[in-house]
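Presented below is the structure to which this report refers.
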Amino acid sequence: MSKRKRPVKKSGFVTSIKEYFEKNKSLTKFIGLYVFYILVFTIIYIVIKDDIQFTRDITATSLGIILNVLGIENYCTGSFVYLENMSLRVIDECTGIYEILVYASCVLAYSTTISKKMIGLAFGIPAILGINMVRLVSLSVVGVWNPDLFDYIHYYFWQVTLLIIIAIVVIVWIEQVVKK
(Lines give C-alpha, C1' and ligand atoms only; values in the text may rest on other atoms or scores of the structure.)
Protein backbone atom coordinates (compact mmCIF):
# COMPACT_ATOMS: atom_id res chain seq x y z
CA MET A 1 0.00 0.00 0.00
CA SER A 2 1.43 3.37 -0.98
CA LYS A 3 1.18 6.46 1.09
CA ARG A 4 -0.28 9.55 -0.48
CA LYS A 5 1.67 12.68 -0.06
CA ARG A 6 -0.35 15.50 1.30
CA PRO A 7 0.09 18.86 -0.38
CA VAL A 8 2.31 21.15 1.59
CA LYS A 9 0.43 24.23 2.63
CA LYS A 10 2.50 27.39 2.61
CA SER A 11 1.95 29.59 5.54
CA GLY A 12 3.46 32.63 7.00
CA PHE A 13 3.16 36.35 7.02
CA VAL A 14 5.07 37.00 3.78
CA THR A 15 3.04 34.49 1.82
CA SER A 16 -0.23 35.92 3.09
CA ILE A 17 0.83 39.47 2.13
CA LYS A 18 1.81 38.28 -1.34
CA GLU A 19 -1.51 36.47 -1.69
CA TYR A 20 -3.37 39.54 -0.48
CA PHE A 21 -1.76 41.79 -3.09
CA GLU A 22 -2.27 39.20 -5.82
CA LYS A 23 -5.96 39.04 -4.95
CA ASN A 24 -6.19 42.84 -4.80
CA LYS A 25 -4.32 43.83 -7.94
CA SER A 26 -6.24 47.08 -8.39
CA LEU A 27 -5.30 48.19 -4.86
CA THR A 28 -1.69 47.19 -5.48
CA LYS A 29 -1.66 49.16 -8.73
CA PHE A 30 -3.20 52.21 -7.02
CA ILE A 31 -0.64 52.14 -4.19
CA GLY A 32 2.25 51.73 -6.62
CA LEU A 33 1.07 54.57 -8.85
CA TYR A 34 0.31 56.78 -5.86
CA VAL A 35 3.84 56.34 -4.51
CA PHE A 36 5.22 56.95 -8.02
CA TYR A 37 3.29 60.22 -8.44
CA ILE A 38 4.20 61.42 -4.95
CA LEU A 39 7.88 60.80 -5.72
CA VAL A 40 7.67 62.55 -9.11
CA PHE A 41 5.82 65.56 -7.67
CA THR A 42 8.23 65.73 -4.74
CA ILE A 43 11.24 65.77 -7.06
CA ILE A 44 9.61 68.48 -9.21
CA TYR A 45 8.80 70.49 -6.09
CA ILE A 46 12.39 70.23 -4.82
CA VAL A 47 13.71 71.39 -8.21
CA ILE A 48 11.36 74.40 -8.52
CA LYS A 49 11.00 75.31 -4.85
CA ASP A 50 13.11 78.45 -5.10
CA ASP A 51 11.19 79.61 -8.18
CA ILE A 52 7.73 79.54 -6.60
CA GLN A 53 8.05 82.34 -4.07
CA PHE A 54 5.17 83.99 -5.89
CA THR A 55 2.76 81.34 -4.54
CA ARG A 56 3.60 82.38 -1.00
CA ASP A 57 3.19 86.06 -1.89
CA ILE A 58 -0.13 85.47 -3.66
CA THR A 59 -1.41 83.43 -0.73
CA ALA A 60 -0.42 86.15 1.76
CA THR A 61 -1.95 88.92 -0.38
CA SER A 62 -5.18 86.94 -0.87
CA LEU A 63 -5.38 86.33 2.87
CA GLY A 64 -4.85 90.03 3.55
CA ILE A 65 -7.64 91.01 1.13
CA ILE A 66 -10.10 88.55 2.68
CA LEU A 67 -9.21 89.71 6.20
CA ASN A 68 -9.81 93.33 5.11
CA VAL A 69 -13.23 92.36 3.74
CA LEU A 70 -13.98 90.75 7.11
CA GLY A 71 -12.94 93.94 8.89
CA ILE A 72 -9.71 92.59 10.33
CA GLU A 73 -6.98 95.18 9.88
CA ASN A 74 -3.74 93.87 8.46
CA TYR A 75 -0.76 94.83 6.40
CA CYS A 76 0.87 92.55 3.82
CA THR A 77 4.35 92.65 2.40
CA GLY A 78 5.71 89.75 0.39
CA SER A 79 4.80 86.56 2.19
CA PHE A 80 4.11 88.27 5.53
CA VAL A 81 0.73 89.28 6.95
CA TYR A 82 0.90 91.63 9.94
CA LEU A 83 -2.12 91.67 12.26
CA GLU A 84 -2.75 93.83 15.33
CA ASN A 85 -1.13 91.42 17.78
CA MET A 86 0.82 88.97 15.63
CA SER A 87 2.44 88.41 12.28
CA LEU A 88 2.07 85.43 9.99
CA ARG A 89 4.70 84.24 7.56
CA VAL A 90 3.24 82.28 4.67
CA ILE A 91 5.58 79.38 3.89
CA ASP A 92 5.14 76.63 1.30
CA GLU A 93 3.10 74.55 3.73
CA CYS A 94 0.59 77.43 3.94
CA THR A 95 -0.03 77.59 0.20
CA GLY A 96 -1.83 74.26 -0.08
CA ILE A 97 0.86 72.84 -2.36
CA TYR A 98 1.37 69.69 -0.28
CA GLU A 99 -2.35 69.00 -0.07
CA ILE A 100 -2.59 69.44 -3.84
CA LEU A 101 0.29 66.98 -4.36
CA VAL A 102 -1.45 64.36 -2.20
CA TYR A 103 -4.83 64.92 -3.89
CA ALA A 104 -3.41 64.98 -7.43
CA SER A 105 -1.47 61.77 -6.75
CA CYS A 106 -4.66 60.05 -5.59
CA VAL A 107 -6.60 61.19 -8.65
CA LEU A 108 -3.87 60.29 -11.13
CA ALA A 109 -3.28 56.88 -9.51
CA TYR A 110 -6.98 55.97 -9.51
CA SER A 111 -8.06 53.62 -12.27
CA THR A 112 -10.33 55.68 -14.54
CA THR A 113 -10.23 57.58 -17.82
CA ILE A 114 -7.93 60.53 -18.44
CA SER A 115 -10.92 62.84 -18.92
CA LYS A 116 -12.36 61.90 -15.52
CA LYS A 117 -8.94 62.45 -13.95
CA MET A 118 -8.75 65.90 -15.55
CA ILE A 119 -12.23 66.74 -14.21
CA GLY A 120 -11.07 65.60 -10.77
CA LEU A 121 -8.03 67.86 -10.93
CA ALA A 122 -9.97 70.80 -12.40
CA PHE A 123 -12.52 70.79 -9.59
CA GLY A 124 -10.52 69.30 -6.72
CA ILE A 125 -7.50 71.59 -6.82
CA PRO A 126 -9.53 74.83 -6.59
CA ALA A 127 -11.64 73.22 -3.84
CA ILE A 128 -8.52 72.38 -1.84
CA LEU A 129 -7.11 75.87 -2.39
CA GLY A 130 -10.41 77.36 -1.20
CA ILE A 131 -10.46 75.18 1.88
CA ASN A 132 -6.84 76.12 2.55
CA MET A 133 -7.79 79.81 2.44
CA VAL A 134 -10.61 79.11 4.93
CA ARG A 135 -7.93 77.51 7.11
CA LEU A 136 -5.67 80.57 6.89
CA VAL A 137 -8.53 82.99 7.58
CA SER A 138 -9.68 80.96 10.58
CA LEU A 139 -6.12 80.81 11.92
CA SER A 140 -5.82 84.58 11.54
CA VAL A 141 -9.11 85.14 13.36
CA VAL A 142 -8.05 82.79 16.16
CA GLY A 143 -4.66 84.52 16.33
CA VAL A 144 -6.30 87.93 16.75
CA TRP A 145 -9.12 86.94 19.10
CA ASN A 146 -7.63 84.08 21.11
CA PRO A 147 -3.87 83.75 20.55
CA ASP A 148 -3.56 81.00 23.17
CA LEU A 149 -5.52 78.65 20.88
CA PHE A 150 -3.51 79.44 17.76
CA ASP A 151 -0.90 76.67 18.06
CA TYR A 152 -3.50 74.00 18.85
CA ILE A 153 -5.74 75.01 15.95
CA HIS A 154 -2.75 75.35 13.61
CA TYR A 155 -0.81 72.19 14.43
CA TYR A 156 -3.54 69.77 15.45
CA PHE A 157 -7.04 70.73 14.34
CA TRP A 158 -6.24 71.88 10.81
CA GLN A 159 -3.62 69.22 10.07
CA VAL A 160 -6.07 66.40 10.75
CA THR A 161 -8.96 68.29 9.19
CA LEU A 162 -7.07 68.83 5.93
CA LEU A 163 -6.36 65.11 5.61
CA ILE A 164 -10.03 64.33 6.17
CA ILE A 165 -11.07 66.99 3.66
CA ILE A 166 -8.69 65.61 1.02
CA ALA A 167 -10.22 62.16 1.53
CA ILE A 168 -13.72 63.64 1.22
CA VAL A 169 -12.84 65.49 -1.99
CA VAL A 170 -11.42 62.26 -3.46
CA ILE A 171 -14.54 60.31 -2.44
CA VAL A 172 -16.87 62.98 -3.88
CA TRP A 173 -14.90 62.88 -7.14
CA ILE A 174 -15.16 59.07 -7.29
CA GLU A 175 -18.89 59.08 -6.51
CA GLN A 176 -19.91 62.06 -8.66
CA VAL A 177 -17.55 61.74 -11.62
CA VAL A 178 -15.86 58.35 -11.86
CA LYS A 179 -18.91 56.19 -11.15
CA LYS A 180 -21.19 58.10 -13.54
Could you list, in sequence order, the residues of region 12-32 that are charged (D, E, K, R) and either touching a Gly at 6+ places or on another chain (Cβ under 7 Å) or surrounded by 13 or more Cβ atoms within 10 Å (Cβ to Cβ) (or both)?
-> 29
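Within region 22-31, can one find any residue that is closer than 20 Å to residue 162 by Cβ, modelled with pLDDT under 95 and part of a loop (DSSP other than H, G, I, E, B)? Can you show your working first?
Here is the first cut: in region 22-31, the ones closer than 20 Å to residue 162 by Cβ are none.
No, that holds for no residue.
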Is one or more of the residues making up region 33-55 within 30 Å of residue 146 (Cα to Cα), basic (Lys, Arg) and surrounded by 11 or more Cβ atoms within 10 Å (Cβ to Cβ)?
-> no
Are there any pairs with C-beta distances below 6 angstrom linking a residue in region 123-143 that is free of Cβ contacts under 8 Å to residues at least 40 places away in the same chain to a residue that is of a type in the set (Val, Ile, Thr), with the two at least 6 apart or on different chains, and if so which?
-> 125/100; 131/165; 142/153
Residue in region 29-52 that is acidic (Asp, Glu) and closer than 21 Å to residue 93 by Cα present = yes
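The values are calculated or read from the model by the stated rules, or taken from the named source; none is laboratory data. All values reported here derive from a predicted model rather than from experimental measurement. FYI the Cβ positions are ideal-geometry reconstructions off the backbone, even for glycines, and counts take in every protein chain you see.
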